[in-house]
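To start, the structure under review is shown below, and the notes come after it.
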């Protein structure tokens with residue numbers, strides 16, 4: 001009589017020692033990787049909750065809309081908030097078109113020769129330059145050499161130079177994600193490179209390109225060194241809630257700079273103000289990023305292959 | 001003797017230091033189906049890419065020799081600007097884009113562009129400057145009918161081309177290749193991604209098309225070459241082993257023993 005355990009079919013599925021060991025390894029690996037990914041969330045949640053708790057007494061819409069009062073020891077952050085909006089907007093308005101067009105050239109047109117290899121190398125190295133070095137460059141190039149003075153224009157251009165290589169890199173990645181076979185199909189029917197780019201490559205990489213650009217908002221908003229050297233000031237008096245308070249050739253306040261000054265330079269600041277400033281900075285960056293993600297999800301859903 | 005549509009003379013092609021075509025010469029006649037058979041890596045696809053100059057997009061490719069389409073050397077296209085300025089006779093093709101429209105190409109794997117079915121077929125006419133809706137409609141219908149796809153898609157011309165099945169997409173690719181009214185149609189192993197029934201349907205289409213245009217058929221299926229072609233060229237390691245009419249190539253006694261062995265599946 002054949003017992004259940006000894007039946008040939010059963011025997012085939014009984015685990016060997018090797019089989020048990022691989023199963024154990026698999027479980028350990030999965031658990032370790034899972035814990036690591038959870039561990040990554042912990043500091044983020046900790047930072048945000050700590051900031052929000054400490055900032056709570058000051059947090060309100062009024063805090064964003066109001067101007068600093070009593071030697072910046074009380075009141076709100078409106079001038080800094082508007083300044084940051086200006087800086088980010090102008091710098092990206094400069095760097096996004098240049099970066100995207102440069103990336104289209106490098107990815108779609110450039111042949112593999114010494115000039116383009118040099119440009120590539122320059123882009124990669126420029127992306128690795130510390131922001132304080134960009135600040136010195138901006139000081140020399142825009143403030144003094146171009147005679148823009150300490151101004152929003154100088155600071156924005158410095159930020160633009162800083163974000164440019166990253167925009168080029170992310171745009172190239174987005175362009176490269178469009179399959180080569182699409183381009184070849186277009187060339188085979190006699191389309192020029194530009195016709196191919198306009199009708200196939202750009203429509204299918206636009207989500208990646210925009211995501212890359214929008215993510216640079218957070219970088220431009222967070223940097224302190226480049227604007228400190230070129231156009232951000234300690235204090236600037238503007239009207240409460242006035243959105244068009246600054247001119248391009250004026251200096252401005254900025255959130256990152258304001259956070260630095262109220263934390264270290266101003267005595268007897270109301271305790272929750274630096275934390276509230278940080279929350280506003282972090283919050284606006286997160287809102288922009290969330291918009292970028294939502295936008296990408298929306299475009300992905302319309303992706304056509 | 002039929003007219004030569006394409007004349008290839010001493011064509012050499014190398015990718016960097018590796019030479020893949022070692023100086024081949026042959027003619028393709030007007031309105032014939034010309035099959036190219038041979039194992040992988042024998043330079044079949046590279047040969048096609050030389051003909052419509054898409055080889056230009058391969059960075060390290062070096063070509064020498066001549067390929068003449070209707071008597072014009074395609075390798076010289078685009079360098080004729082000063083000659084035209086000097087009042088020389090206008091050449092057959094004034095730029096490579098015109099050449100590529102005259103020498104159509106169908107890739108081995110179907111590529112539905114991420115556009116609607118209609119836009120897929122209307123892409124090439126639009127790229128060459130045609131904008132009138134009525135003309136485009138006519139071309140789209142004619143090409144889809146020629147590619148035996150019209151009846152299946154006429155109800156949903158504005159749905160995505162990439163959502164079609166593999167066989168349908170391949171026929172869409174053929175329709176797109178026909179949309180710019182080529183004089184020569186190069187098919188590069190068009191049947192590897194589709195089922196036998198669809199393959200037979202497309203083969204019928206090709207038989208129909210050869211009344212109007214010249215077809216170059218690169219294929220791994222020797223039986224397909226036998227069924228369709230007038231003449232067959234056996235390419236091996238970048239050299240022509242044998243080029244003759246189908247009666248000779250697929251007979252029991254082709255000139256070269258290798259041809260016999262390859263065609264009958266003894267080697268290769």
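Rule-based calculations on the coordinates, nothing more; no lab input. Being a predicted model, the structure only gives us computed values, none of them experimental. Neighbour counts run over all protein chains shown; Cβ positions are idealised from the backbone, glycine included.
Laid out as a table, the results:
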read-out: Calculated P(r) tail over 37 Å for chain A, as whole % of Cα pairs; value: 36 percent
read-out: Degrees, to the nearest 10: A:17-55 long Cα axis against longest axis of chain A; value: 20 degrees
read-out: Choice from A:176, A:185, A:221 with maximal GNM fluctuation in chain A (Cα, 10 Å cutoff); value: A:185
read-out: GNM flexibility winner over chain A from A:160, A:294, A:55 (Cα, springs under 10 Å); value: A:294
read-out: Degrees separating the helix A:114-127 axis from the principal Cα axis of chain A, which is the longest one; value: 70 degrees
read-out: Separation of the residue B:151 and residue A:133 label points, Cα + 7 Å toward Cβ, nm; value: 6.9 nm
read-out: Principal axis dimensions, largest first and in whole angstrom, of the protein assembly as shown by Cα; value: 103, 100, 51
read-out: Residue order, fewest to most surrounding Cβ atoms within 10 angstrom, among A:81, A:34; value: A:34, A:81
read-out: Rounded tilt (10° steps) of A:78-104 against the dominant C-alpha axis of chain A; value: 50 degrees
read-out: Per-residue [θ]222 nm for the protein assembly as shown (sum of -39500 (n - 2.57) over DSSP H runs n ≥ 4, rounded to 500); value: -16500 deg cm²/dmol
read-out: Choice from A:103, A:278, A:29 showing the highest fluctuation, given a GNM over chain A with Cα pairs closer than 10 Å; value: A:29
read-out: Nitroxide proxy distance, nm - points 7 Å out along Cα→Cβ at residue B:62 and residue A:70; value: 8.1 nm
read-out: Sorted by Cβ neighbour density within 10 Å, fewest at the top, the residues B:158, A:258, B:180; value: B:158, B:180, A:258
read-out: For chain B, share of DSSP beta bridges that run antiparallel, in % to the nearest 5; value: 60 percent
read-out: Likely footprinting exposure, B:154, A:111, fewest C-beta neighbours within 10 Å first; value: A:111, B:154
read-out: Rounded if a/c under 1.5, otherwise prolate or oblate - the stretch B:4-263, Cα gyration tensor axes; value: oblate
